[in-house]
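Derivation of every value follows stated rules applied to the coordinates shown; laboratory data play no part. Please read all numbers here as calculations on a predicted model, not as lab measurements. Methodologically, a virtual Cβ is constructed for each residue, glycine included, from the backbone with ideal geometry; neighbour enumeration extends over all protein chains shown.
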Amino acid sequence: MEIVIIRGGGDLATGIGHRLNRAGFKVVVLETSEPLAIRRKVSFAEAVYSGEIVVEGVKASLAKDLNQIYEILNNGNMPVYVDPKGDIIQELKPLAVVDSIMAKKNLGTTRDLAPITIGIGPGFYAGKDVDLVVETNRGHYLGMVIHRGMAEKDTGIPGNTMGYKEERIVRAVADGIVTHFSKIGSRVKVGELICTTGEVEVRANISGILRGLIKDGIYVKEGLKIGDIDPRGIEEHAFTISEKARAVGGGVLEGIMYLRKERNI
């Protein structure tokens with residue numbers, strides 16, 4: 001059984017997992033007990049809360065132990081397992097480990113974890129702590145497989161959509177529990193109430209479709225990204241994998257296939 005473990009279950013990791021699943025690999029997602037995914041309708045991490053989620057025809061289910069992981073895999077689905085430290089990696093003996101935690105730094109992925117190791121975005125050095133790195137910065141090199149060196153540094157600036165950058169992002173305006181007043185996929189207008197953090201109102205900076213919103217009831221810190229508004233206003237975009245996630249997923253698939261051929265594994 002050719003298992004690929006993906007550390008992290010957010011929207012980019014989901015684009016990766018979906019592509020690998022469609023290509024015939026058995027994919028296991030490792031997450032924390034309280035994921036902070038924004039684009040929850042297209043994040044396998046959501047299975048931690050809901051028990052299961054289907055993204056573009058691929059079903060992910062929460063697994064409680066090793067036996068359930070294998071049971072879910074044998075049924076053709078994708079297990080999501082709470083294991084932020086990756087303790088179960090040694091037991092699963094995967095072909096590849098993909099670190100898609102998106103922490104902007106390496107939280108413990110090393111080349112000895114699997115025959116193939118891939119880091120997603122900044123924080124990894126290809127050829128040292130991982131075998132390959134896949135570029136995540138939007139632009140000419142998005143999805144490129146890096147065989148030596150690092151991805152571009154995090155700019156801290158959101159991608160440009162119809163001229164909007166930071167305006168697209170919904171941020172917590174105070175420390176506290178998130179309470180929803182809008183739902184993912186809904187159309188919002190400038191100034192409309194989206195949620196509260198603590199008892200402070202969070203309102204839309206632009207009009208568009210609410211493409212993502214952090215789970216209701218989560219405690220957040222002021223300034224944290226908790227939502228995403230798409231000014232293109234296409235509802236379907238809230239429920240489908242993004243072009244960025246597809247590009248990064250393609251880079252991971254390329255990297256795995258390349259090293260399998262080069263190393264005859």
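Per residue, the chain reaches -5500 deg cm²/dmol at 222 nm when only DSSP H runs of four or more residues are counted, each adding -39500 (n - 2.57). Put in order of Cβ neighbour count within 10 Å, fewest first, the listed residues 131, 87, 216, 230 become 87, 216, 230, 131. Couplings 3J(HN,Hα) of the stretch 199-216, computed from phi: 10, 9, 6, 10, 10, 6, 8, 9, 8, x, 9, 6, 7, x, 7, 4, 4, 4 Hz, in residue order, whole Hz [Karplus 6.51 cos²θ - 1.76 cosθ + 1.60, θ = phi - 60°; x for Gly and Pro]. Computed on the stretch 166-231, with alpha-carbon pairs under 8 angstrom and 6+ residues apart, the relative contact order is 43 percent.
For the peptides 192-203, 241-252, 37-48, residues were scored by their other Cβ atoms within 10 Å and the scores averaged per peptide; the highest-first order is 37-48, 241-252, 192-203.
Assuming charge only on the beta carbon of Lys and Arg (+1) and of Asp and Glu (-1), the dipole of the stretch 124-265 about its Cα centre is about 320 debye to the nearest 20.
Judged by the ratio a/c of the largest to the smallest principal axis of the C-alpha gyration tensor, the stretch 63-189 counts as oblate, that ratio being 1.5 or greater while a/b is no larger than b/c. Kirkwood hydrodynamic radius (Cα pairs, Å) of the stretch 95-253? By the Kirkwood definition, the hydrodynamic radius is 17.1 Å.
When +1 charges are put on Lys and Arg Cβ atoms and -1 charges on Asp and Glu Cβ atoms, the dipole computed for the chain relative to its Cα centre reaches about 560 debye. Remark: 175, 129 ranked as 175, 129, counting other beta-carbon atoms within 10 Å and listing the fewest first. Of the peptides 167-174, 64-71, 78-85, 52-59, the ranking by mean beta-carbon count within 10 Å, highest at the top, reads 78-85, 167-174, 52-59, 64-71. Across the chain, C-alpha contacts under 8 Å between residues 6 or more apart give a mean separation that, scaled by the residue count, equals a relative contact order of 19 percent. Stretching residue 174 away from residue 104 to a fully extended chain increases their span by 22.8 nm, per 0.36 nm per residue minus the current alpha-carbon distance.
Positive-end ranking of 133, 190, 173 along the dipole of the stretch 100-202, with charges on Cβ about the Cα centre, is headed by 133. Segment residue 236..residue 33, full-extension length gain: 70.2 nm, with 0.36 nm per residue of separation and the alpha-carbon distance subtracted. Restricting the calculation to Cα atoms, the stretch 166-231 yields a radius of gyration followed by a Dmax of 10.2, 27 Å. Estimated at 0.36 nm per residue, the fully extended path between residue 222 and residue 49 surpasses their Cα-Cα distance by 60.0 nm.
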